[in-house]
Amino acid sequence: MSIFKQLALGLLLPAIVGGGVFIFSKILTSKREREQTVEGDGLSLGWLVGIALSVGYIVGYIGLEGIPPFPPREGVHWLCYLALIGLILGVFWHLARFGRLIAQVVVSIVIPRLLLSSMFKYNWGQVEGIIWWVCLAVVIFIFWNRVQQSFTLLPSGGWSPFVYFGLSGGTALILAVSGSLRLAQHAGILTAPFAAIWIITLFLQSDDKVPVFPISASPVIGLTLAGIWMNGYFYEEVPVMSAVLLLLSLFLTPVGRIGAIQRLGGRRSAFVQVAAIALPVLIAIGIALALSGLFGENSGY
């Protein structure tokens, strides 16, 4: 496949589709606000933003890989289905909190077993497999909740999509320098809708107090990122510290709630908060670059 076709299918198409659906969600929400029909706003906005991200990723995936087999034969095949699962969950994410909790627990337990089936069969013993399974399920559950909480903890306006644009873009770069160009393309596909939403938000955001991402967008973001990271760590050569730092970056979102930082003022406090989140991502990129041998590391020959 030519480089131009890869760029068109892997970056341009997801950005157009994701950005187009996001604009439609903004138009629909504005129309409902003018008509003063508050009921159903959360569902329409949340569902459409989830569609913008999930469908944006899915069309990019199909453009590069084709329709994935079912059942999937490789870990990367699960990425398309994770985006689809995230879309379906997002539609119902406005329902009772207890129902969301049950769904998060079940999906967090099932995903590692499905995506890492070959590791369970050929690499891990029974006890080791159970330990990995429990740990990964807990990590996915906690990370998913951190994604959801970040929507309100992050500064309003374009900051939130910018953070996820940087996180997914940093993931793509780390995967590329670690030798996984195929998986890096998938991280790039996810980056494209975030970039489009960020740019659109800068021009169209009318109420700076309204989060760009509703909680209904958390399933597709949390599951797709988790799927890409697990593929990168277990099936490719992503350094362990890079993977850990990417995971931990969102746990720095509460930095913006620190009193001393809030007293800096709106823009300055937002910059400090986003810089704190970006720091581990930049360190993760630096570690991956250092271990890649691009700076003349001794090859051992």
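The values are calculated or read from the model by the stated rules, or taken from the named source; none is laboratory data. Keep in mind it's a predicted model, so treat the numbers as computed, not measured. Using ideal geometry, Cβ is built from the backbone for each residue, glycine included, and neighbour counts are taken over all protein chains shown. Just so you know, the surface numbers come from the protein's heavy atoms only, side chains and all, with ligands and any DNA or RNA stripped out. Shrake-Rupley method; radii C 1.70, N 1.55, O 1.52, S 1.80 Å.
So here's what we get for this one:
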quantity	calculated
Quarter of the Cα convex hull surface for segment 223-276, i.e. its orientation-mean projected area (nm²)	4.4
Over segment 100-213, relative contact order from alpha-carbon pairs under 8 Å, at least 6 apart, %	28
Ranked by how many other beta carbons lie within 10 Å on average, peptides 129-136, 282-289 from highest	282-289, 129-136
Residue-averaged 222 nm ellipticity for the chain, from DSSP H runs of 4+ at -39500 (n - 2.57), nearest 500	-24000 deg cm²/dmol
Computed E for L101/W124 - FRET, C-beta separation, R0 25 angstrom, nearest 0.05	0.30
Which of F70, F143 is most accessible, then next, and so on - probe 1.4 Å	F70, F143
Cβ-placed point charges (K, R +1; D, E -1), dipole of the chain about Cα centre in debye, nearest 20	480
Å² of accessible area per residue within the chain, as computed with a 1.4 Å probe and no ligands counted	49
The chain, accessible surface, carbon-and-sulfur percent (1.4 angstrom probe)	69
nm² value of the averaged projected area, convex hull over the Cα atoms of segment 81-181	8.3
Radius of gyration and Dmax over the Cα atoms of the chain, both given in Å	19.2, 72
Label-point separation in nm, L279 to M241, each point 7 Å along Cα→Cβ	1.6
Gain upon complete extension [I199, K31; 0.36 nm per residue less C-alpha separation]	58.3 nm
